[in-house]
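The values are calculated or read from the model by the stated rules, or taken from the named source; none is laboratory data. From a predicted model like this one, the values you see are computed outputs, not experimental measurements. Don't worry about glycine lacking a Cβ; one is built from the backbone with ideal geometry, like all the others, and counts go over all protein chains shown. Heads up: the accessible areas ignore ligands, DNA and RNA and are worked out on the full protein's heavy atoms, side chains in. Shrake-Rupley method; radii C 1.70, N 1.55, O 1.52, S 1.80 Å.
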Amino acid sequence: MDNEHSVDIAALEKLVAEAKASGGAEIANTQKFMERFCDALGLPTPDFSKPDNSQNDYAYERRITFKHPDGSTSPGRIDLYKRGCFVLESKQSSIAQVRAHRDQLSLLPEDATQLKMGTARRGTGGWDRSMLAARNQAESYARALPIEHGYPPFLLVLDVGHVLEVYADFSGQGKNYAHFPDRQSYRLTMDDLLLPAAQERLRAIWTEPLSLDPAKRSAEVTRDIAGRLSIIAKRLELKHDPKDVAEFLMRCLFTMFAEDVGLLPEAGFAELLKQLADRPETFPVALEALWKTMDEGGYEPRLMTTLKRFNGSLFKSRRALPLAAEDIHELYVAAMQDWSDVEPAIFGTLLERALNPRERSKLGAHYTPRAYVERLVMPTIIEPLRADWEEVQAHIA
């Protein structure tokens, strides 16, 4: 996306400043905010609402019908809806107001005493509850959409002039909307909207929401690394038992993963591989020494740091198979990938693809895709736990 040439920074800065100063008028301010937001980011603005509701694929106050277990129905309206992209639910909270003394009220204009405070005051438990209620409301709207619409990948919860919260479910089942991209950065303040990364993310939500699916990135990494591993595995299987090859590759992969999630020094393992490519005869000794330290904990001289102990017995066997310089280079290229966003389940994919079919069957090395796992886990484990959690939240509230 050409973010630099599509965003009107001056218009966005003005919008942020004016929105932060607004308050209380949720309906009036939501539509004004969203119109100017879309204009500033170079996005299409919502269409006029049409009498034929089937044509309201991008509109304010999109009508939906709730279907209840007893067969009855009730109407609802989505604050802003874009088919295949998102459901947006909006609130507008208030900031603390300075109260005038009674004797001073007569000096103020009549309208100055008519304050609209909004749904809740920011920074209070009431505000947290109102945002949670808005998120749950957005999810209920998503579930009430016509079947042919499917579930939108995103839920957006807007507190006009304060924050925009983002939740996502790329499974198409509408049952696992979670903080996006994570719990630390799912909430965007008004000032965050001025950051290019946030702008690019929001533009994608409006135009290419599925491009943000982390599984796509995982698949790209899988294809690239699996291709490199298959080359190494085929060469090793000519001289070594497939079980030993599989265990060796898994130790290499876990070490790459540990490096990118901060359990090892940044780029430490990758740089070690880069050095070993020039001295392949030292490769087995160097890796076995590293894995011994990872298994027991202690100071690692090559990485110049003290490592915590990696339990779980993965490194109890520290055997490193000898590799040619070109194979060590393939491992180095794999290690340079960004593993921090890759799910651990990817190890199964890599192992399955790295081994030849006959040995894969012998070892029972088969990877079950995430989507298949979710179809089983969601209704049997996640949904009952979520229902219990919602009940606890209700009691607390």
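Going by the alpha-carbon gyration tensor, a ≥ b ≥ c the square roots of its eigenvalues, is region 170-213 rounded (a/c under 1.5) or, if a/c is not under 1.5, prolate (a/b greater than b/c) versus oblate? Oblate, because a/c is 1.5 or more while a/b does not exceed b/c.
When Leu314, Leu276 are compared by accessible area at a 1.4 angstrom probe, the order from most to least is Leu314, Leu276. How far is it, in nm, from the label point at Arg217 to the one at Arg121 when both lie 7 Å from their Cα along the line to the Cβ? Once both label points are built, they end up 4.0 nm from each other. For the pair Asp8 and Leu314, label points projected 7 Å from Cα toward Cβ lie 5.1 nm apart. His68 exposes around 80 Å² of accessible area when a 1.4 Å probe is run over every protein chain in place.
Note on Glu208 and Trp389: the extension gain reaches 61.9 nm, defined as 0.36 nm multiplied by sequence separation minus the Cα-Cα distance. Placing Val163, Val333 in order of accessible area, with the largest value first and a 1.4 Å probe, yields Val333, Val163. So which lysines can Lys234 reach, going by Cα to Cα under 21 Å and dropping same-chain residues fewer than 8 places off? Answer for Lys234, where 21 Å is the Cα cut-off: Lys243, Lys362, listed by chain and number. Could you name the lysines in cross-link range of Lys308, using Cα to Cα under 25 Å and dropping any fewer than eight places away on the same chain? Partners within reach: Lys274, Lys292, Lys316. Only lysines eight or more places from Lys32 in sequence, or on another chain, were considered; those with a Cα closer than 28 Å are Lys14, Lys20, Lys50, Lys82, Lys91, Lys116.
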